[in-house]
1. Only one of A:VAL29, A:VAL25, A:VAL46 is modelled with pLDDT under 85 and under 30 Å from B:LEU107 (Cα atoms). Can you tell me which?
2. In region B:47-89, what residues are at the interface with chain A (Cβ under 8 Å from one of its Cβ atoms) and buried (at least 18 other Cβ atoms within 10 Å of the Cβ)?
3. Listed residues A:ILE13, A:ILE67; which is within 14 Å of another protein chain (Cβ to nearest Cβ) and within 27 Å of A:PHE221 (Cβ to Cβ)?
4. Could you run through region B:219-270 and say how many residues are among the aliphatic types (A, V, I, L, M), exposed (fewer than 15 other Cβ atoms within 10 Å of the Cβ), under 36 Å from the mean Cα position of the chain (by Cα) and farther than 24 Å from B:SER301 by Cβ?
5. In region B:125-132, is there at least one residue being outside any strand (DSSP E or B), touching a Pro at 6+ places or on another chain (Cβ under 8 Å) and surrounded by 17 or more Cβ atoms within 10 Å (Cβ to Cβ)?
6. Quick one: count up the residues across region B:90-102 that are within 29 Å of the chain's Cα centre (by Cα) and within 7 Å of chain A (Cβ to nearest Cβ).
7. Scan (1) farther than 14 Å from A:VAL121 by Cα; (2) in contact with a Ser or Thr (Cβ under 8 Å, 6 or more places away or on another chain); (3) within 14 Å of another protein chain (Cβ to nearest Cβ) for the single condition A:LEU18 breaks and write down its number.
8. Does B:MET154 meet the test of being within 17 Å of B:SER96 (Cα to Cα), within 21 Å of the chain's Cα centre (by Cα) and either within 12 Å of another protein chain (Cβ to nearest Cβ) or hydroxyl-bearing (Ser, Thr, Tyr) (or both)?
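The values are calculated or read from the model by the stated rules, or taken from the named source; none is laboratory data. What you are looking at is a predicted structure, and each value in this text was computed from that prediction instead of being measured. Every residue, glycine among them, receives a Cβ derived from its backbone with ideal geometry; neighbour counts consider all protein chains shown.
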Amino acid sequence: MSAPSRGGAAPRIWAIALNTFREAVRNRVLYVLALFAVGLMAFSLVLGELSLHEEVRVMKDLGLAGISLVSVVIALFLGVNLLSKELDRKTVYFVVPKPLQRWEFLLGKYFGQVFTLVILVGSMAVILALFVGLSGGVHGVAMVRAEVLVVVELMLLTAVAMLFSSFSSPYLSAMFTAALWIIGRNQAELATFATGKKLEGTGLGAILEFVSAVIPDFHAFFISGGQVGGEVVSVHETFIGWGYVAEASLYGLLYASVCLGVAMLLFARRDLV
Amino acid sequence: MAVLHVSELRKTFTRGLLRRRTEALRGISLEVEPGEIFGFLGPNGAGKTTTIKILMGLIFPTSGTAHLLGAPAGDRAAKARVGYLPENPYFYDYLSVPELLDMVGRLHGQAKAPRRKRSVELIERVGLGHAGNRPLRSFSKGMMQRVGLAQALMGEPELVVLDEPMSGLDPVGRKEVRDLVFELRDRGTTVFFCTHILADATALCDRVAILVKGKLRGVGSLDELLDPRLRSVDLVWQAPSDTVEGLLRFEGQHREAAAGRLLTVDDLDRADAFVRELMAAKGRLLQLQPHRESLESLFVSEAARDEEPADDEAPKEQEASA
């Protein structure tokens with residue numbers, strides 16, 4: 001009767017991932033690219049008028065910040081809606097009864113969003129490289145490293161958003177995820193504050209120190225203009241090497257795996273009403 | 001071995017801050033045998049969709065067990081052999097029918113060529129050949145119901161679970177679905193379906209279950225559930241005006257009817273007696289209709305029965321299986 005089922009979980013996860021990517025494309029999420037390109041073009045024209053021989057430097061800084069901010073907002077928006085939209089639109093009643101495990105469904109949704117974000121960041125990076133090239137500059141490998149770190153940050157952020165949305169509403173999930181991202185981006189400052197003179201040895205200091213140790217360190221993925229090992233690094237001068245990128249990626253992916261694992265456990269026993 | 005086996009299934013929902021408890025299912029047990037068309041009937045809020053959601057692994061029972069094709073409900077191996085049409089189906093509306101069926105085929109682990117072949121066959125079979133590559137968001141409710149049937153059959157299931165399959169379909173569509181259900185049964189597929197349309201249940205089902213307020217009120221074939229005894233006989237008659245008054249004195253309930261006069265009597269003996277009088281009065285019998293208990297009357301009486309059956313009261317399921 002039934003056709004024989006091929007392969008393991010991978011084809012089923014791929015089917016869900018492909019559908020998630022298709023949804024993002026058909027819902028015109030990638031139109032953000034056009035907006036980014038137009039914004040960058042307008043901005044480079046203004047910069048050309050205002051700055052003296054620093055157009056490329058400013059364009060790189062603002063372009064990288066733009067890629068990071070735009071993609072973080074999109075990752076947050078898409079991430080918290082990944083599961084809730086399925087429930088709100090009742091498509092979950094169609095897909096969960098199909099022969100796949102709930103964790104496969106969750107992982108497929110995750111990979112679909114990550115694939116969308118990789119395409120988005122990659123395309124924005126190409127647009128930025130074109131503008132930098134047209135302005136007489138070179139995009140350079142330092143920028144590529146910075147952009148790889150942005151992708152890893154998005155993978156972690158999506159996993160955090162999925163964790164929250166596996167048990168709470170999209171509004172609460174968005175608030176929790178955004179708060180965690182803001183604190184995570186300022187993790188170093190939080191750690192310094194917790195171990196500073198005022199709080200050292202106090203209960204609040206210990207709590208803040210614990211929080212700074214366990215929250216995801218989003219600052220590790222956006223470090224141009226910041227300090228690494230006591231030295232200021234920038235995409236224009238001395239920047240981190242591939243070793244740092246690998247280390248930060250390992251940290252980000254491990255953290256994301258833990259978040260996804262917990263999300264899978266919570267989602268596995270949830271009543272889909 | 002039963003294709004579907006449910007034992008003492010209970011489900012209690014807790015809602016809101018006050019954790020209000022609602023008992024949706026209160027210990028139901030039933031079995032569906034291979035190759036039968038089984039109707040799951042009940043008024044709104046009876047617990048039909050809750051039962052189906054448990055069977056499909058969407059929610060978990062508070063207690064009791066549910067098995068499909070020998071595997072626990074929600075098990076991937078069982079789901080691979082089951083096709084499911086949800087009530088008011090919602091699909092990814094940005095996809096076209098071929099894209100949706102391709103996704104379902106992938107989830108069933110079908111290779112590219114067979115899933116494409118199956119998809120083309122099913123699109124024709126449910127009458128959606130004209131839809132082409134239009135996105136589902138442009139489909140009417142009836143068309144969505146056909147999409148739902150196609151996706152439920154994509155995995156060549158051994159058991160098909162249909163939640164209100166006739167919903168939104170016009171008379172032609174309903175007939176097509178009935179034909180499809182019979183075709184599935186003829187090919188050995190078991191069909192379990194929920195419906196509010198009792199005419200469909202009467203026409204289609206080998207057996208039915210009636211669920212009211214989370215409890216089963218009866219399981220069995222229509223012959224087993226329905227009282228075969230005659231309830232009443234309706235006679236529609238005409239007679240010359242000078243004899244009408246005498247005939248209206250005959251014992252029974254007399255009413256005006258569109259084509260004459262209507263008499264309702266308790267049994268066929270009384271009907272025979274009246275016909276003899278009518279013939280003697282040179283009248284004409286236009287229609288004679290004996291009434292037995294219908295599924296509708298059983299359904300209405302069970303739905304209206306407010307009091308709970310006592311613990312020792314044997315449900316009709318046991319009577320039927322005895």
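1. Details: A:VAL25 fails: modelled with pLDDT under 85; A:VAL46 fails: under 30 Å from B:LEU107 (Cα atoms).
Sole residue among the options that is modelled with pLDDT under 85 and under 30 Å from B:LEU107 (Cα atoms): A:VAL29.
2. Answer for region B:47-89, where residues must be at the interface with chain A (Cβ under 8 Å from one of its Cβ atoms) and buried (at least 18 other Cβ atoms within 10 Å of the Cβ): B:LYS53, B:MET56, B:GLY57, B:LEU58, B:ILE59, B:LYS79, B:ALA80, B:ARG81, B:VAL82, B:TYR84, B:PRO86, B:PRO89.
3. Working: A:ILE67 fails: within 14 Å of another protein chain (Cβ to nearest Cβ).
Testing whether each residue is within 14 Å of another protein chain (Cβ to nearest Cβ) and within 27 Å of A:PHE221 (Cβ to Cβ) leaves just A:ILE13.
4. 2
5. So in region B:125-132, the residues outside any strand (DSSP E or B) come out as B:125-132.
Subsequent filtering for residues that are touching a Pro at 6+ places or on another chain (Cβ under 8 Å) retains none.
No, region B:125-132 contains no residue that is outside any strand (DSSP E or B), touching a Pro at 6+ places or on another chain (Cβ under 8 Å) and surrounded by 17 or more Cβ atoms within 10 Å (Cβ to Cβ).
6. Qualifying residue count, region B:90-102: 3.
7. (2)
8. Numbers: within 17 Å of B:SER96 (Cα to Cα): yes; within 21 Å of the chain's Cα centre (by Cα): no; either within 12 Å of another protein chain (Cβ to nearest Cβ) or hydroxyl-bearing (Ser, Thr, Tyr) (or both): yes.
In short, no.
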